[in-house]
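Taking it in order: structure first as structure tokens, then the write-up.
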Amino acid sequence: MTLLSLDALAATLPPHARLLGIDPGSKQVGLAMSDVSRMVASPLEVLKRGKLGPMAAHITTLAREHGIAAMVVGVPLSLDGSFGPAAQAARDWAMALSEQTGLPACLWDERLSSAAVNRMLILEADLTRARRAAMVDKLAAAYILQAALDRLAAL
């Protein structure tokens, strides 16, 4: 599969299909899922970053169980908006994941999403560092997915 723009991805979605938000970190991958109306993103789980095959199989199973039709994958653009080495690696990973799962995907700018989530957890939830670490990846995936859902709602 190829990577699509968010607009092109939205045009391919069947009614009531969910989206899966993915925050691909170097050690862990956060997952979030939309509701069927594609208005709200909810944190789902965190996977250890490992071989792509088992992760793709797990995501394929999630897609079947929850009616997920596509993925929104966070890409860490440079602060000036350019594609650096980390963004290129995320794009390559997203393309390989899309091919293995058969799910279409789009990239979404995730600049500072983890920092924003950490700040929220510190200021608003007053969580310890250990508790934040356990939650930040799936919350960052929800943050990324919610931004994409908000954009879709504005179309």
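The values are calculated or read from the model by the stated rules, or taken from the named source; none is laboratory data. Remember, it's a predicted structure, so these values are computed and weren't measured experimentally. Glycine also receives a Cβ, built like all others from the backbone with ideal geometry; neighbour counts cover every protein chain displayed.
Structure summary
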{"read-out": "Near pairs, Cβ below 9 angstrom, 6+ apart or cross-chain, from the range 1-12 (in contact (Cβ under 8 Å) with a residue 40 or more places away in the chain and assigned to a strand (DSSP E or B)) to any residue that is loosely packed, with under 11 Cβ neighbours inside 10 Å and of a type outside the set (S, T, N, Q)", "value": "Leu4/Ala11"}
{"read-out": "Residues within the range 25-56 that are assigned to a helix (DSSP H, G or I) and surrounded by 12 or more Cβ atoms within 10 Å (Cβ to Cβ), tallied", "value": "3"}
{"read-out": "Filter pass, Met95 being over 17 Å from Ala141 (Cα atoms), among the hydrophobic types (A, V, I, L, M, F, W, C), at pLDDT 95 or above and surrounded by 14 or more Cβ atoms within 10 Å (Cβ to Cβ)", "value": "yes"}
{"read-out": "Condition broken by Ala69, with the remaining ones in (1) touching a helix residue (DSSP H, G or I) at 6+ places or on another chain (Cβ under 9 Å); (2) over 14 Å from Ser26 (Cβ atoms); (3) not in a strand (DSSP E or B) satisfied", "value": "(3)"}
{"read-out": "Output for the range 1-24, where each listed residue is out of contact with any His (no Cβ under 9 Å at 6 or more places or on another chain), farther than 17 Å from Ala154 by Cα and surrounded by 19 or more Cβ atoms within 10 Å (Cβ to Cβ)", "value": "Gly21, Ile22, Asp23, Pro24"}
{"read-out": "Subset tally (residues that are under 15 Å from Val73 (Cα atoms), modelled with pLDDT under 90 and touching a strand residue (DSSP E or B) at 6+ places or on another chain (Cβ under 8 Å)) for the range 99-142", "value": "8"}
